[in-house]
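Novice: Take this structure first; my questions come after.
All of the numbers you see were taken from the coordinates with simple rules; none came from a lab. Just so you know, these numbers come straight off a predicted model, no measurement behind them. Every residue, glycine among them, receives a Cβ derived from its backbone with ideal geometry; neighbour counts consider all protein chains shown.
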Amino acid sequence: MTDDGHGIDVATAHREFGVLGDSWKAGATHSKNGLRTLHGSKGEGRLSVFKHGGTARWRSVSELGGSREKLTITVNATSREDAEVSDAVATTGPLGTVVTLTNFAEPPTGIHGETAYERLLTTFAIAIRAQGVDITFADRRLDVADLLLYERDIPIRARGEDALLTLLIWKRKVRPDAELHFCDRDGTTLLQSAQAESHGASFTAYLRWNRTSEYARQLPTAGHDEGPLGAVSREAELQLQLALDEHRDQRRREVIDAWKRNGYYPFDGEPSTSAERATRQTFDLVAVEAATVVDASKPKARMLSLRLLTEALEHNPDQIHRILDQVLGLNGPVLGSVPPAPR
């Protein structure tokens, strides 16, 4: 892990390593150069690297009085409080710190593959934009634009407090999704909260409020708070659901219009009876939930899928979920958002 920040000098290394709770961050809100919001303040982060045992080694270059020096800090999982700090030597190398983990007692999990990339991306998406942070994971740069489908900023005002809710909807399902991140004003995530309703979208929402850090300990129960935190949280969740509703309706209109233009829409003209109208409305809701899968298929398969849905709605509505599951391969969360067919 490489951090191109200001590095760690000898005095700081001796003062802070090996003593849990002794961190210069405890009395600060931003990095020493004032450019980046801080994560943590208790000095616990350096110990979390020992979840799987082994050895952690920090190689760092710092600058004091215009001169640069490098040092190495070594900590073993079996003796975490006994940090070995090398003597500092002069260097002309770049500022920053490289952390290397070795000799694991058991193989670490959750640090490989697309899920790890997506977890980092959704966690740092707003910080990347707001603070100009550049993060590379496994030789791959975290790129918000690569996965972003839709973005919207929503002003939040509750009980005299102003905040900003940013909704990011992704091009495909990311893991995890359907989360609301409570962030400080600079976009640093302090807590992730799962949202029950996704409205068929894979999204992450970020609530930025200049008092979030003040209420850090109460964030897990924000929805039950009777003060400003609760008011801001509830208003943000309400506006999030309204925004997701609006995006879903807009997406539905776009999908149906495209199918009509290309001759895939299985209905002609306007419905003439209330039963036909109900059938068509349900078809639009069901088909749009399946649109990602349907649109990825070849034209003939696309027409067949939409025709099967139509016939099931008209003649055997109990088969809708079976078709969506077995024919289109939709998963449980998508099926759960499909409304019951009219009878």
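Novice: Treating only the Cβ atoms of Lys and Arg (+1) and Asp and Glu (-1) as charged, compute the dipole magnitude of segment 177-217 about its Cα centre; round to the nearest 20 debye.
Specialist: It works out to roughly 180 debye.
Novice: Let me ask something additional. Quick check: pseudo-label points 7 Å beyond the Cα along Cα→Cβ at Phe267 and Glu197, how many nm apart are they?
Specialist: 2.4 nm
Novice: Another question about this same structure. Whole-Hz Karplus ³J(HN,Hα) for segment 278-286, in order, using 6.51 cos²θ - 1.76 cosθ + 1.60 and θ = phi - 60°, x for Gly and Pro?
Specialist: 5, 4, 5, 4, 5, 4, 4, 5, 5
Novice: If you don't mind, another one. Obtain the nm distance between the two label points defined at Leu190 and Arg157 by a simple spin-label model: each point lies 7 Å from its Cα along the Cα-to-C-beta direction.
Specialist: Going from the Leu190 label point to the Arg157 one covers 2.3 nm.
Novice: Give me His181, His224 sorted ascending by neighbouring Cβ count inside 10 Å, so fewest comes first.
Specialist: Listing His181, His224 from fewest to most nearby Cβ atoms yields His224, His181.
Novice: Continuing with this model, one more query. Going by how many other Cβ atoms sit within 10 Å of their own, how do Lys173, Lys300, Lys260 line up, fewest first?
Specialist: Numbers: Lys173 16, Lys300 8, Lys260 12.
Neighbour counts put them in this order, fewest first: Lys300, Lys260, Lys173.
Novice: Suppose the chain between Glu214 and Leu304 were pulled fully straight at 0.36 nm per residue; how much longer would it get relative to their current alpha carbon spacing?
Specialist: That pair, Glu214 and Leu304, stretches by 26.8 nm at full extension.
Novice: At what distance in nm do the modelled label points of Arg57 and Lys171 sit from each other, each positioned 7 Å from its Cα along Cα→Cβ?
Specialist: Modelled inter-label distance: 4.0 nm.
Novice: Please arrange Thr273, Thr212, Thr91 by how many other C-beta atoms lie within 10 Å of their C-beta, fewest to most.
Specialist: Ordered from fewest to most neighbouring Cβ atoms within 10 Å, Thr273, Thr212, Thr91 come out as Thr273, Thr91, Thr212.
Novice: Still on this structure, I have one more. Summarise the long-distance tail of P(r) for segment 132-251 by giving the % of C-alpha pairs beyond 25 Å.
Specialist: Roughly 23 percent, once rounded to a whole number.
Novice: Once the piece of chain linking Thr221 and Asp134 is laid out straight, how much longer is it, given 0.36 nm per residue of separation minus the C-alpha distance between them?
Specialist: 28.1 nm
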